[in-house]
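Take a look at the structure below.
The values are calculated or read from the model by the stated rules, or taken from the named source; none is laboratory data. Since this is a predicted model, take the numbers as computed values, not measurements. So basically every Cβ, Gly included, is an ideal-geometry build from the backbone, and we count neighbours across all protein chains shown.
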Amino acid sequence: MAEVGLASRQLFAKYQALVSSGLITASEFEESVARAERKSRHLEDVLVDEFHVSLSRIGEVLGQYFRVPYEPFDGERPKVNINVAMVNREFCRVNTWVPVVVSNSEVKIITTDPERVKAARLVSNIFTKRTIHYAVTTEREFFRTLDQVFGAGVEAFADSGEDVGDYLKALDATAVEDLVEDEIGIDNADNTLVRFVNKVIMDAYRQGASDIHIEPYPGKAKTHIRFRLDGELQLYSEVPSSFRNALVARLKIMCDLDISERRKPQDGKIKFRRFGPADIELRVATIPSAGDVEDVVMRILSSGEPMPLDKLGLSEHNLALLKNNVLNKPYGLFLVCGPTGSGKTTTLHSVLGQLNQPGTKIWTAEDPVEITQKGLRQVQVNVKAGLTFAVAMRAFLRADPDIIMVGEMRDEETASTGIEASLTGHLVMATLHTNSAPESIVRLLDMGMDPFNFSDAILGILAQRLARRLCERCKTSHPISETELRSLVLEYAQDLRHTEEWSADPNAAAKALVQDWIRQFGDEQGHLHLPDAVGCAVCNGSGYKGRVGLHELLIGTDLVKKTIQERSRVAVLLASALAGGMRTLKQDGIEKVLMGLTDMQQVRSVCIK
């Protein structure tokens, strides 16, 4: 990105609009300008990273300043066919504009400075006899759009047309093995291995992968590189065995690990901006595996802004329960549970975004801090330095909090401190690694929590899973058959058979359930449909694109509190929760199947019952 230049009055004029809009104070703006000049960083980077101004708000202010629409980055944007001489990635990067819509009659241009681009008249001279529409975007979103239109943004191989196979062919096994013993050589040499590693990371980021798995095998077997896309691992490339040690050594050096230590696990972080053009952070774990090889797993940290609460995919029923029984309470305990990678932190930050007001003090302890919000005081847990979740919690209680968020309740001390805080006038939120909402209660009681204090503190527990979402471009549907409807009703009612309504008259309850489905999800003729996965170019033939959340919200009703005090079994807790309006993960999933968001195969794959 371009560096800050104090001579450019327009650069500061357009960002000064942030002050007049009330996003930051005049003193904060002056401090951000000074920091940008001192650190040779773009002013936007300083505003986002150090003053926590959201990109979307910056974009809206820029749109008002230039009097053109603000265009945020759209990951689902259809591929544009430019096919115009001279218009390539480097040309658009230098001139800071990129076409995102090109037709015979009109062109849509995204830029960071519409006035300068219009004055240069390059666009009008290239796209003659067409209506030109301009939109403004932020610096970061411009470069993401540039990568999206022209491919990965690693300058060393941008616009080259080469794929990962071309780099593997170019690697020389002997030369690469020689580099393993030479840290300086791997770290600084402009060689094919370095470019190959950068390309793997950039391709994973561009494809929306959550994890990169480097999986070497003993002997002459090839090393597999797999990406986790929408929750499932997909093979990206196979690397010859002669490169595996150098590949792992390169990754270790990028995150400052000991390349000579191959006998025990190590973990670290990669700030990819040091090595490539994109501002990506990866959490890295190396694990020795059979055959004297090492696996490497890299989690791409989804740093960014919180998702609005109404965009989480909560059903109307669950969203109303959450707002009425948790968000409007001044104190208490709210837990989000589920396996790793199920979106627990995203959900908590969405809830905090709803509660984040100027008059509220919010402390968070996280590991790592992935999502940032202006107004939150966020603490990065550092176990090696002695800063654990429990230590952070005790410190927060001395720092006049209104709301406390803890990344994970993993031990008795953290859990007991959280319950204590919730009983002394604080709203406490945390995540928990459990399978369901009722099981979370049993887990905490087994950890030694006092059932009476716990029952007094609990506001609600939200269990969640992520199922693969059907591709909106190619999905189809078919009218539901009698057999399919009967099967859905049986699965939905699996946990309801012991409730008063279903045990009294199962047939009447089933008919009422079907009528309720028709009213909510039926078409104009009153027919229900089931969606089908098809497959197209957008979803790489899989039929799925993105993920949808399935939720199970247990509210701390009087009946639930009573069963907690009695240390009841999970089955009794489940019955009490269902009586209080809870819908299980499977039930929520079935409703989202009837809405056409996913299919039963995906729901069954993430729900035990």
Exercise for review: Output the residue which, of all residues in segment 501-533 that are free of Cβ contacts under 8 Å to residues at least 12 places away in the same chain and of a type in the set (Asp, Glu), is nearest to residue 480 (Cα to Cα).
Suggested key: 523
Review point. Residues of segment 11-35 being farther than 28 Å from residue 357 by Cα and modelled with pLDDT of 75 or more, which ones?
Key: 34
Point to revise | Contacts under 6 angstrom Cβ, first residue in segment 404-417 being closer than 18 Å to residue 456 by Cα, partner aromatic (Phe, Trp, Tyr) and assigned to a helix (DSSP H, G or I), 6 or more apart | key: 404/396; 414/389
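Please specify each residue of segment 52-77 satisfying the condition of being of a type in the set (Val, Ile, Thr) and assigned to a loop (DSSP other than H, G, I, E, B).
Across segment 52-77, the qualifying residues are 53, 68.
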Check your understanding: For segment 557-599, which residues satisfy the criterion of being without any contact (Cβ under 8 Å) to a residue 60 or more places away in the chain and among the polar types (S, T, N, Q)?
Key -> 557, 563, 568, 576
Point to revise | residue 244 vs. criteria of a type outside the set (A, V, I, L, M, F, W, C), in a helix (DSSP H, G or I) and closer than 15 Å to residue 289 by Cβ | key: yes
**Study point:** Breaking point among (1) surrounded by 16 or more Cβ atoms within 10 Å (Cβ to Cβ); (2) within 29 Å of residue 49 (Cβ to Cβ), for residue 207
**Key:** (1)
Practice item. Taking the options 580, 596, name whichever one is on the phi > 0 side of the Ramachandran plot and surrounded by fewer than 22 Cβ atoms within 10 Å (Cβ to Cβ). Key: 596
Check your understanding: Which residues, taken from segment 567-588, are part of a helix (DSSP H, G or I), within 19 Å of residue 604 (Cα to Cα) and either out of contact with any Asp or Glu (no Cβ under 6 Å at 6 or more places or on another chain) or charged (D, E, K, R) (or both)?
Key -> 586, 587, 588
Exercise for review: Restricting attention to segment 236-268, report how many residues are touching a Pro at 6+ places or on another chain (Cβ under 8 Å), surrounded by fewer than 18 Cβ atoms within 10 Å (Cβ to Cβ) and within 30 Å of residue 342 (Cα to Cα).
Suggested key: 2
Review point. Across segment 495-511, which residue is farthest from residue 575 (Cα to Cα) among those that are surrounded by 12 or more Cβ atoms within 10 Å (Cβ to Cβ) and either at pLDDT 85 or above or in contact with a strand residue (DSSP E or B) (Cβ under 8 Å, 6 or more places away or on another chain) (or both)?
Key: 511
Practice item. Report yes if some residue within segment 212-235 is modelled with pLDDT of 85 or more, buried (at least 17 other Cβ atoms within 10 Å of the Cβ), in contact with a Ser or Thr (Cβ under 6 Å, 6 or more places away or on another chain) and of a type in the set (A, V, I, L, M); otherwise report no. Key: yes
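Within segment 512-532, is there a residue that is assigned to a loop (DSSP other than H, G, I, E, B), touching a Pro at 6+ places or on another chain (Cβ under 8 Å) and exposed (fewer than 15 other Cβ atoms within 10 Å of the Cβ)?
Within segment 512-532 (the criterion being assigned to a loop (DSSP other than H, G, I, E, B), touching a Pro at 6+ places or on another chain (Cβ under 8 Å) and exposed (fewer than 15 other Cβ atoms within 10 Å of the Cβ)), the answer is yes, since at least one residue qualifies.
Let's see how each residue does on (1) part of a loop (DSSP other than H, G, I, E, B); (2) touching a helix residue (DSSP H, G or I) at 6+ places or on another chain (Cβ under 7 Å); (3) closer than 18 Å to residue 54 by Cβ:
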| position | (1), (2), (3) |
| --- | --- |
| 351 | no, yes, yes |
| 358 | yes, no, yes |
| 364 | no, no, yes |
| 379 | no, yes, no |
| 384 | no, no, no |
| 390 | no, yes, no |
| 393 | no, yes, no |
Point to revise | Residue identified as surrounded by 14 or more Cβ atoms within 10 Å (Cβ to Cβ), among the acidic types (Asp, Glu) and at pLDDT 90 or above among 566, 552 | key: 552
Review point. In the set 445, 397, 427, 432, which member is closer than 29 Å to residue 569 by Cα, more than 29 Å from the chain's Cα centre (by Cα), surrounded by 15 or more Cβ atoms within 10 Å (Cβ to Cβ) and not charged (D, E, K, R)?
Key: 445
Point to revise | Sole residue being modelled with pLDDT of 90 or more, over 30 Å from residue 361 (Cα atoms) and of a type outside the set (Lys, Arg), chosen from 466, 423, 427 | key: 466
